[in-house]
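Novice: I have a structure here, written as structure tokens, and I will follow up with some questions on it.
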């Protein structure tokens with residue numbers, strides 16, 4: 001018989017090993033599904049790997065997909081550090097996309113346009129995140145529920161916009177007018193889609209780490225999240241910290257939308273995000289809420305998404321496998337986290 | 001529980017054993033032989049032998065971290081020992097979990113209760129006990145509850161929800177629960193830490209009655225006067241080993257026992273005569289509302305520089321609200337407060353701290369520290385925005401670390417270093433850390449609640465000495481406490497709280513345990 005025993009300390013290597021173990025377990029579990037779909041497991045994973053990270057073009061595609069998840073992953077990681085349960089990164093992303101698209105459609109010099117798009121997108125995301133945090137701070141409304149439900153509100157508001165005032169008058173498709181060409185983010189490597197926003201994402205991640213680890217705001221966020229009572233007793237204005245955290249988190253999620261509009265789609269449509277906001281939760285958990293860990297975690301999920309499509313084409317396994325891998329990875333990580341606090345001990349058979 | 005008739009609610013302990021005058025005559029009920037348990041490199045228990053006879057109350061003494069709780073967790077099946085065996089009535093038994101322990105007749109009352117607050121007393125008793133064909137045996141449970149109540153004087157209304165019970169009543173329910181499940185041996189882990197003095201007497205009477213009927217009891221405590229009053233025999237642990245055994249606790253002095261526990265003599269500190277200065281903290285007509293617990297009603301008090309004011313009272317008479325008002329957590333509804341002559345305009349922890357107030361909360365683990373973060377973080381928490389630890393919003397990790405390291409050294413806080421998780425420290429070391437973080441900034445006034453609750457003698461002595469040293473330096477100190485002997489030793493004046501009011505204030509020369517005890521029940525007022 002086995003049972004869990006509380007740990008007195010957690011070995012340091014655990015922090016690095018846990019996500020890797022969780023991913024390994026995920027791939028093993030999902031290999032059963034591949035086999036059921038009638039494909040070779042090794043072959044299928046091989047195709048996924050080569051299609052996502054096999055050559056330089058594949059790598060740039062994976063990075064382009066990783067960028068929005070880096071932003072949403074950071075948004076979730078910072079919010080969860082303060083125990084502000086922001087499940088609304090998806091809605092905040094969409095709000096950021098709409099706002100940046102509106103700004104990008106106005107003719108003005110390119111650099112100015114990109115800057116204003118980023119500001120508008122971040123502000124829009126922040127405003128959306130303000131709703132659940134104010135409801136929680138003022139009325140003790142559960143932030144999980146309010147931030148989650150707000151996603152649908154934002155999504156349908158976006159739909160109303162592109163089906164109504166923004167509808168393409170030539171084609172009749174529910175897509176917004178494109179942003180100005182000058183506002184398109186510059187491509188960094190000729191012949192790829194690797195745009196400026198990807199680099200910004202890679203720079204913002206260490207900045208977020210610095211904020212959490214080295215600033216007084218970061219200290220207050222950490223303390224508030226771990227023990228709000230002790231934070232209040234220690235003179236920290238817990239409500240203000242929660243509001244700051246929500247604004248920051250929403251702004252980061254909003255930037256994910258800005259990158260998609262400015263660097264990938266150049267307009268807004270109903271499927272601009274395939275759930276990047278929700279993937280951000282998986283990313284943040286795999287990263288154990290560490291902003292630096294968000295980058296590799298987002299790249300992993302992006303590789304799974306890019307690779308799954310190629311695998312589907314090559315082996316006939318449905319691309320939905322990518323969603324299963326994401327979900328399984330989250331569950332595996334949550335189980336793995338248990339082992340930071342507990343260890344399994346073998347005990348003799350009970351009488 | 002398997003194999004026992006009546007779904008496991010029969011009464012298995014042997015009432016027929018001959019017990020006279022509380023002295024046990026028969027073979028051990030429980031025997032632990034050579035118990036060794038290590039956590040990593042730390043040997044929490046090393047070759048510990050211990051036995052309890054039917055009808056015997058055994059005291060298990062030791063400082064925090066001496067291995068008392070580990071040993072009892074081994075006995076109750078929470079940990080598997082690395083070596084050693086456990087015998088119940090002479091037969092070796094394997095105890096892997098609490099169900100095994102209960103089946104072997106071992107019941108434990110933990111420091112933190114395990115009760116379902118929304119369920120009633122009876123429902124809590126019946127949790128996990130299957131009646132006939134899966135139905136809940138309410139009638140049988142009621143009969144057993146009545147029987148236990150009659151036998152040991154442990155009455156409780158079966159239909160009251162647990163959430164309305166007082167702490168003492170909840171503890172009684174835990175004891176009844178253990179008896180209900182057929183415990184022959186009852187382990188009580190620091191049961192008096194949560195009780196008011198009057199409740200302690202009731203508990204002791206019940207325990208004596210149970211022992212008189214053949215139960216074995218292990219009483220864990222580090223309050224020596226209680227151990228001397230209650231137990232028949234004591235085992236003293238130090239650093240995981242048996243440091244000594246006391247065969248006649250009643251005729252052994254507290255000093256001798258303390259020496260066994262600590263390994264050296266403990267000299268109580270003396271409160272030197274002093275001339276107090278001007279009032280450093282004044283409360284005038286403070287009333288509160290909108291707060292869980294008893295509100296304050298027109299409370300006025302003051303403490304002078306170089307003076308220690310004690311606040312005595314049965315817990316729940318407004319002490320919590322008083323501590324919260326003074327520490328800035330609860331703005332009063334009426335009345336004013338002044339620190340060093342300056343009237344407090346805004347009640348917030350930050351404002352009061354800036355005025356020179358130091359604070360040590362009642363609950364160190366939930367209010368004082370952040371258990372999951374490094375100790376250093378908790379030590380700088382109240383001053384994180386100040387010049388000392390940050391500049392322009394950026395933390396100064398070197399300064400934070402240096403501060404924590406200096407305090408760890410100055411206060412002899414036993415820990416692997418400033419970056420260790422605060423929750424890994426023992427209660428005494430946590431209290432030292434909290435004291436260090438306040439005293440490092442020379443407060444003019446210090447408000448502390450239950451400063452030595454749950455601490456062992458050595459740690460408590462250390463805290464007392466620090467208070468007296470601060471008093472000598474001219475700090476005004478308010479100590480909210482329930483341990484009257486501690487208050488009489490430390491304080492120059494003692495105010496008694498009753499139902500949210502100050503029932504009276506005595507100078508320590510006029511005060512005695514008996515007189516304070518009377519005032520605590522509201523019987524005597526004294527200005």
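The values are calculated or read from the model by the stated rules, or taken from the named source; none is laboratory data. What you are looking at is a predicted structure, and each value in this text was computed from that prediction instead of being measured. Counting neighbours? That spans all protein chains shown, and the Cβs are built from the backbone with ideal geometry, glycine included.
Novice: Kindly list the number of the only condition in (1) assigned to a helix (DSSP H, G or I); (2) more than 14 Å from chain B (Cβ to nearest Cβ); (3) more than 16 Å from the chain's Cα centre (by Cα) that fails for residue A:267.
Specialist: With respect to (1) assigned to a helix (DSSP H, G or I); (2) more than 14 Å from chain B (Cβ to nearest Cβ); (3) more than 16 Å from the chain's Cα centre (by Cα), residue A:267 is out only on (1).
Novice: Let me ask you something else. Among (1) touching a strand residue (DSSP E or B) at 6+ places or on another chain (Cβ under 8 Å); (2) at positive phi, there is one condition residue A:235 misses while meeting the rest; what is its number?
Specialist: Result: residue A:235 passes all but (1).
Novice: I would also like to ask the following. Considering every residue within region A:163-178, establish whether at least one is under 30 Å from residue B:366 (Cβ atoms) and away from every other protein chain (no Cβ under 12 Å).
Specialist: No; the residues of region A:163-178 include none that is under 30 Å from residue B:366 (Cβ atoms) and away from every other protein chain (no Cβ under 12 Å).
Novice: Sticking with this structure for a sec: Among (1) modelled with pLDDT of 95 or more; (2) out of contact with any helix residue (DSSP H, G or I) (no Cβ under 7 Å at 6 or more places or on another chain); (3) outside any helix (DSSP H, G or I), which single condition is residue B:447 missing?
Specialist: Failed condition: (2).
Novice: Of all residues in region A:158-188 being free of Cβ contacts under 8 Å to residues at least 12 places away in the same chain and in a helix (DSSP H, G or I), which is nearest to the chain's Cα centre (by Cα)?
Specialist: Among those residues, the one meeting the criterion is A:160.
Novice: Related question: Can you give me the ranges of the helices (runs of 4 or more DSSP H) entirely in region B:348-430 with at least 1 residues that are farther than 22 Å from residue B:443 by Cα and not assigned by TED's automatic domain parsing to the domain that holds residue B:453?
Specialist: B:397-410
Novice: For residue A:289, only one of the following conditions fails: (1) over 17 Å from residue A:89 (Cα atoms); (2) within 14 Å of chain B (Cβ to nearest Cβ); (3) not in a strand (DSSP E or B). What is its number?
Specialist: The one condition residue A:289 does not meet is (1).
Novice: Answer with yes or no whether residue B:349 is surrounded by 22 or more Cβ atoms within 10 Å (Cβ to Cβ), under 23 Å from residue B:287 (Cα atoms) and at the interface with chain A (Cβ under 8 Å from one of its Cβ atoms). Quick ask: steps written out before the conclusion?
Specialist: Numbers: surrounded by 22 or more Cβ atoms within 10 Å (Cβ to Cβ): no; under 23 Å from residue B:287 (Cα atoms): yes; at the interface with chain A (Cβ under 8 Å from one of its Cβ atoms): yes.
Here the answer is no, as residue B:349 does not meet what is asked.
Novice: Are any residues in region B:404-433 within 14 Å of chain A (Cβ to nearest Cβ) and surrounded by fewer than 23 Cβ atoms within 10 Å (Cβ to Cβ), and if so, which ones?
Specialist: Once the filter is applied, which keeps residues that are within 14 Å of chain A (Cβ to nearest Cβ) and surrounded by fewer than 23 Cβ atoms within 10 Å (Cβ to Cβ), region B:404-433 yields B:415, B:416, B:417, B:419, B:420, B:421, B:423, B:424, B:426.
Novice: Is there a residue in region B:365-379 that is touching a strand residue (DSSP E or B) at 6+ places or on another chain (Cβ under 6 Å), buried (at least 23 other Cβ atoms within 10 Å of the Cβ) and either within 14 Å of chain A (Cβ to nearest Cβ) or modelled with pLDDT under 90 (or both)?
Specialist: No, region B:365-379 has no match at all.
Novice: Which residue out of B:75, B:61 is more than 27 Å from residue A:2 (Cα to Cα) and in contact with a helix residue (DSSP H, G or I) (Cβ under 9 Å, 6 or more places away or on another chain)?
Specialist: Details: B:75 fails: more than 27 Å from residue A:2 (Cα to Cα).
Being more than 27 Å from residue A:2 (Cα to Cα) and in contact with a helix residue (DSSP H, G or I) (Cβ under 9 Å, 6 or more places away or on another chain) holds for just one of B:75, B:61, which is B:61.
Novice: Run down A:58, A:39, A:75, A:6 and say which single residue is in contact with a helix residue (DSSP H, G or I) (Cβ under 9 Å, 6 or more places away or on another chain) and within 14 Å of chain B (Cβ to nearest Cβ).
Specialist: Sole residue among the options that is in contact with a helix residue (DSSP H, G or I) (Cβ under 9 Å, 6 or more places away or on another chain) and within 14 Å of chain B (Cβ to nearest Cβ): A:6.
Novice: From the residues in region B:352-364 that are within 24 Å of the chain's Cα centre (by Cα) and more than 10 Å from chain A (Cβ to nearest Cβ), which one is surrounded by the fewest Cβ atoms within 10 Å (Cβ to Cβ)?
Specialist: Here is the first cut: in region B:352-364, the ones within 24 Å of the chain's Cα centre (by Cα) are B:358-364.
Filter once more, keeping what is more than 10 Å from chain A (Cβ to nearest Cβ): B:358, B:360, B:362.
Details: B:358: 25, B:360: 24, B:362: 19.
Across region B:352-364, the extreme among qualifying residues is B:362.
Novice: Name the single residue that is farthest from residue A:187 (Cα to Cα) among those in region A:96-141 being outside any helix (DSSP H, G or I) and without any contact (Cβ under 8 Å) to a residue 40 or more places away in the chain. If you could, list the steps in order and put the result at the bottom.
Specialist: Going through region A:96-141, the residues outside any helix (DSSP H, G or I) turn out to be A:105-109, A:140-141.
If we keep only those that are without any contact (Cβ under 8 Å) to a residue 40 or more places away in the chain as well, we get A:140-141.
Details: A:140: 45, A:141: 44 Å.
Per the stated criteria, the residue is A:140.
Novice: Having 3 or more residues that are touching a residue at least 60 places away in the same chain (Cβ under 8 Å) and buried (at least 22 other Cβ atoms within 10 Å of the Cβ) is the bar; report the strands (runs of 3 or more DSSP E) wholly within region B:217-326 that clear it.
Specialist: Filter on region B:217-326 gives B:233-238, B:308-312.
Novice: Is it fair to say residue A:75 is at pLDDT below 95 and buried (at least 24 other Cβ atoms within 10 Å of the Cβ)?
Specialist: Criteria not met by residue A:75.
Novice: Here's something else I'd like to know. Which of the residues spanning region B:327-343 are away from chain A (no Cβ under 14 Å) and touching a residue at least 12 places away in the same chain (Cβ under 8 Å)?
Specialist: Within region B:327-343, the subset away from chain A (no Cβ under 14 Å) is B:332-343.
Correct list: B:332, B:333, B:334, B:335, B:336, B:337, B:338, B:339, B:340, B:341, B:342.
Novice: Taking into account only those residues within region A:215-245 that are assigned to a loop (DSSP other than H, G, I, E, B) and surrounded by fewer than 23 Cβ atoms within 10 Å (Cβ to Cβ), which is nearest to the other protein chains (Cβ to nearest Cβ)? Spell out how you get there, then give the answer.
Specialist: Looking only at region A:215-245, we keep the residues that are assigned to a loop (DSSP other than H, G, I, E, B), and these are A:227, A:234-237.
Pick out the ones that are also surrounded by fewer than 23 Cβ atoms within 10 Å (Cβ to Cβ) and you get A:235, A:237.
Numbers: A:235: 4, A:237: 8 Å.
Filtering first and then ranking leaves A:235.
Yes/no per residue for (1) modelled with pLDDT of 95 or more; (2) closer than 23 Å to residue B:193 by Cα; (3) in the same structural domain as residue B:290 (by TED's automatic domain parsing):
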| residue | (1), (2), (3) |
| --- | --- |
| B:451 | no, yes, yes |
| B:455 | no, yes, yes |
| B:461 | no, yes, yes |
| B:493 | yes, no, yes |
| B:503 | no, no, yes |
| B:511 | no, no, yes |
| B:514 | no, yes, yes |
| B:518 | no, yes, yes |
| B:527 | no, no, yes |
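Novice: Which numbered condition trips up residue A:168, out of (1) at pLDDT 95 or above; (2) touching a strand residue (DSSP E or B) at 6+ places or on another chain (Cβ under 6 Å)?
Specialist: (1)
Novice: Follow-up question, since we're still on this one. Scan region B:300-324 for residues that are under 21 Å from residue B:382 (Cα atoms) and out of contact with any strand residue (DSSP E or B) (no Cβ under 6 Å at 6 or more places or on another chain) and jot them down.
Specialist: B:320, B:321, B:322, B:324
Novice: If residue A:192 satisfies every condition in (1) in a helix (DSSP H, G or I); (2) away from chain B (no Cβ under 14 Å); (3) within 23 Å of residue A:298 (Cα to Cα) but one, which is the exception?
Specialist: Looking at each condition in turn, residue A:192 falls short on (1).
Let's see how each residue does on (1) surrounded by fewer than 17 Cβ atoms within 10 Å (Cβ to Cβ); (2) touching a strand residue (DSSP E or B) at 6+ places or on another chain (Cβ under 7 Å); (3) modelled with pLDDT of 90 or more:
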position: B:96; (1), (2), (3): no, no, no
position: B:105; (1), (2), (3): no, yes, yes
position: B:118; (1), (2), (3): yes, yes, no
position: B:138; (1), (2), (3): yes, no, no
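Novice: If you don't mind, another one. Mind checking whether some residue in region A:266-279 is without any contact (Cβ under 8 Å) to a residue 40 or more places away in the chain and in contact with a helix residue (DSSP H, G or I) (Cβ under 9 Å, 6 or more places away or on another chain)?
Specialist: Yes, there is a match, as at least one residue in region A:266-279 is without any contact (Cβ under 8 Å) to a residue 40 or more places away in the chain and in contact with a helix residue (DSSP H, G or I) (Cβ under 9 Å, 6 or more places away or on another chain).
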